[in-house]
Amino acid sequence: MTRDELLARVSIDPAVCGGKPCIRGTRIWVSLLLDMMAAGTAQAELVQEYPQLTTDDLRAALAYGADLARDRFVSWASGPVAASGR
């Protein structure tokens, strides 16, 4: 499956979940799937917990996250936070 075919599985609709990216045809946020995979949840477990998903849907979430990381970045302190609250 191509990158574009994977990304077509992600839907962004202001009328669905406030416009948060979801897997097409569901109300399952891409960010939820990415968080769960980052926390170590296996893809097989996700598909079992959300039977409306396929492994290609999970790959679509990863592709979407990769595209965001390629185009944007979030800056945060890499060391201890200073006492000044920074």
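Coordinate-derived values only; no laboratory data. Bear in mind the structure is a predicted one, so any value in this text is a computation, not a measurement. As a convention, Cβ positions derive from the backbone with ideal geometry for all residues, glycine included, and neighbour counts pool all protein chains shown.
Sorting C17, C22 from the fewest to the most surrounding beta carbons within 10 angstrom yields C17, C22. Any idea how far apart I12 and A38 come out in nm if each label point goes 7 Å out from Cα toward Cβ? Label at I12, label at A38, 1.8 nm between them.
A cut-off of 5 Å between modelled amide H atoms, ignoring neighbours fewer than 5 places along the same chain, links R24 with V10, S11.
Taking other residues whose beta carbon is less than 12 angstrom from the beta carbon of Q43, and scoring Lys, Arg as +1 and Asp, Glu as -1, yields -3. Once both labels are positioned 7 Å from their Cα atoms along Cα-to-Cβ, the gap between E49 and S31 label points is 1.7 nm.
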